[in-house]
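Participant: Have a look at this one.
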């Protein structure tokens with residue numbers, strides 16, 4: 001009412017999520033010498049002398065990140081913690097503290113918030129994290145959870161997004177695409193339910209992928225395995241947006257080219273049949289599905305033997321000097337990766 | 001769609017904001033020995049060896065904490081940082097790092113976010129704070145800002161909400177009620193505008209209180225003054241919800257009774273005339289107005305001379321053994337303080 005409106009109106013979609021954050025924070029000037037790492041990695045790093053403290057914030061917004069018609073509130077609370085812890089593991093660190101901000105409309109009773117907090121407490125318990133603060137407030141509509149995690153990273157163990165060297169191996173934990181296929185099942189059953197509320201949802205047999213979507217875990221164990229195997233990752237990121245997008249994040253940090261073998265991408269056997277049912281390409285699902293919260297990292301080629309014998313880890317490609325990120329298909333075509341999907345043109 | 005709904009539905013309003021946070025976090029078990037302070041103070045404290053790191057999160061939600069019809073976006077960005085910094089000063093510490101979570105609906109163009117970030121960067125510049133991370137996401141409706149601040153607190157300087165001793169003096173910085181009266185002016189002019197959009201809002205002469213509401217400052221200077229005067233506060237809190245509510249927070253931590261003199265509460269001269277115009281009681285406004293972001297603290301009685309000569313500080317009462325919090329009125333009546341307003345019955 002009091003100010004002249006800015007005449008220019010650029011839709012946020014013009015920049016995309018990552019372009020937007022980069023654009024908004026480009027004016028940032030770091031003033032403290034002990035700010036070891038600012039915006040642009042999985043977590044910021046503060047040098048507190050003996051070690052780094054890593055800090056990261058993630059928001060989960062109703063209707064954008066979750067759908068309460070099939071997301072139980074307890075799982076939502078659990079997942080809101082997990083996605084944040086994953087950011088600290090992606091620095092090769094140990095999450096230790098969280099704060100939780102909760103904005104809720106008055107359609108939620110106290111009992112709903114209790115369920116959310118049950119999930120939050122359970123995640124804290126399992127991952128040995130202390131809930132130390134927060135803010136709970138009203139919202140005009142919907143539910144929003146903002147979690148900030150603080151963790152400890154040993155200086156000699158830190159793994160940033162940058163740092164990969166020529167000939168490094170690209171490694172991923174667990175398997176990919178499950179969370180996305182879980183979402184497909186839930187969306188399908190939701191449509192069935194909306195069309196006929198008397199129908200019971202058919203979820204049997206899909207336990208693994210439903211859990212990947214509704215109650216994901218963060219790879220605490222992988223950080224421990226790397227330490228036990230005496231492997232220092234040269235770079236690392238967690239897979240929240242899909243293998244393709246995260247590989248590009250890694251490649252965008254430096255002078256290296258990332259090459260993934262389609263045939264090596266770990267995919268749970270149950271995904272293949274489901275992809276056929278949904279008429280989806282398995283590789284596309286694994287590349288772009290997202291929300292798997294696995295860790296993607298690079299290691300020196302000397303560590304090959306240590307990695308290959310571990311059932312939690314899969315070597316999926318290699319780094320060489322250059323730029324960009326490619327998929328080497330089963331029939332040996334080289335395809336340039338894109339953040340959302342891959343384009344079927346021959347790269348280079 | 002898949003789970004039996006919890007049959008019990010307690011409205012959130014039954015518990016109130018502070019009751020709710022306490023209720024939801026009561027199951028919290030702290031697992032780390034270096035978690036020096038958890039939920040329940042202005043910030044949590046993590047012991048990192050040489051010092052504490054203080055962490056605090058606050059949310060600002062459109063339609064609840066701000067009204068964009070009179071809140072310029074740049075000021076909103078500025079204020080969202082300030083309210084968080086204030087929590088670290090309230091621990092007698094120095095904020096150094098923030099992360100920002102922003103949820104925006106697609107009615108906001110990129111230029112709107114740029115204005116918010118201009119305010120965020122300006123606050124970082126003025127308060128010597130590094131923006132180190134964040135998350136920007138879509139929302140279904142409205143704007144929400146979640147800021148987390150991390151700061152440094154010297155172990156020998158920390159001031160918690162608890163700790164006041166018998167005979168301590170109660171001290172407040174600056175003056176109170178300005179932010180609330182600024183809000184009254186803005187709300188009045190908004191009504192005028194809604195009834196007749198051709199009318200220009202009459203804001204002249206109200207610069208001080210409008211700035212208190214739209215672009216508050218955090219009391220960095222007070223923390224510096226206390227250090228320069230060699231005063232160690234025995235307890236401290238910042239005034240976000242009003243003097244009455246914050247005094248009760250302090251008194252609820254221990255075995256002490258807090259007594260405030262009505263005649264000593266610092267109020268800007270401009271407030272008196274305005275309160276008459278709005279038919280409001282000046283003391284009520286100062287006690288319950290909130291959003292002044294002044295610091296409320298206790299000091300040993302030996303520091304009286306140091307405090308009384310400083311123009312930024314006012315002694316407004318004293319602590320004695322007992323419980324609760326009282327206002328001693330101009331005509332020497334003793335009235336029990338309530339979180340929202342004070343009841344006109346004689347306490348004790």
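Participant: Among the residues of segment A:59-77, write down those that are surrounded by fewer than 22 Cβ atoms within 10 Å (Cβ to Cβ) and either in a loop (DSSP other than H, G, I, E, B) or free of Cβ contacts under 8 Å to residues at least 12 places away in the same chain (or both).
Facilitator: A:63, A:64, A:65, A:67, A:68, A:69, A:71, A:72
Conditions tested, residue by residue: (1) modelled with pLDDT of 95 or more; (2) within 7 Å of another protein chain (Cβ to nearest Cβ); (3) in contact with a helix residue (DSSP H, G or I) (Cβ under 7 Å, 6 or more places away or on another chain); (4) closer than 23 Å to residue A:144 by Cβ.
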{"position": "B:44", "(1), (2), (3), (4)": "yes, yes, no, yes"}
{"position": "B:48", "(1), (2), (3), (4)": "yes, yes, no, no"}
{"position": "B:52", "(1), (2), (3), (4)": "yes, no, no, no"}
{"position": "B:118", "(1), (2), (3), (4)": "yes, no, yes, no"}
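Participant: Right, here's the next one. Being out of contact with any helix residue (DSSP H, G or I) (no Cβ under 8 Å at 6 or more places or on another chain) and either at pLDDT 95 or above or at the interface with chain A (Cβ under 7 Å from one of its Cβ atoms) (or both) is the filter here; which residues of segment B:100-116 pass it?
Facilitator: B:101, B:103, B:111
Participant: Another question, then. Can you run down the residue pairs with Cβ atoms below 7 Å, 6 or more apart or on separate chains, where the first is in segment A:17-38 and more than 9 Å from chain B (Cβ to nearest Cβ) and the partner is modelled with pLDDT of 90 or more?
Facilitator: Filtered contacts from segment A:17-38: A:36/A:45; A:36/A:46; A:36/A:47; A:36/A:52.
Participant: I want to confirm something. Restricting to segment A:194-234 and keeping residues that are without any contact (Cβ under 8 Å) to a residue 60 or more places away in the chain and assigned to a helix (DSSP H, G or I), which single residue is farthest from the other protein chains (Cβ to nearest Cβ)?
Facilitator: Looking at residues that are without any contact (Cβ under 8 Å) to a residue 60 or more places away in the chain and assigned to a helix (DSSP H, G or I), I get A:228.
Participant: So which of B:86, B:56, B:80 is at the interface with chain A (Cβ under 7 Å from one of its Cβ atoms), crowded, with 24+ Cβ neighbours inside 10 Å and within 15 Å of residue B:218 (Cα to Cα)?
Facilitator: B:56
Participant: For segment B:156-172, check the following and say yes or no: at least one residue is over 20 Å from the mean Cα position of the chain (by Cα), over 30 Å from residue B:263 (Cα atoms) and modelled with pLDDT of 95 or more.
Facilitator: yes
Participant: Give me the pairs: first residue in segment A:309-324 and assigned by TED's automatic domain parsing to the domain that holds residue A:235 and under 16 Å from residue A:266 (Cβ atoms), second residue surrounded by fewer than 16 Cβ atoms within 10 Å (Cβ to Cβ) and modelled with pLDDT of 95 or more, beta-carbon distance under 6 Å, and six or more apart or on different chains, which are they?
Facilitator: A:316/A:264
Participant: Under the condition of being part of a helix (DSSP H, G or I) and touching a residue at least 40 places away in the same chain (Cβ under 8 Å), which residue from segment B:123-140 is farthest from the other protein chains (Cβ to nearest Cβ)?
Facilitator: Here the residue is B:123.
The values are calculated or read from the model by the stated rules, or taken from the named source; none is laboratory data. Bear in mind the structure is a predicted one, so any value in this text is a computation, not a measurement. For neighbour counting, all protein chains shown are included, and Cβ atoms are generated from backbone atoms with ideal geometry for every residue, glycine included.
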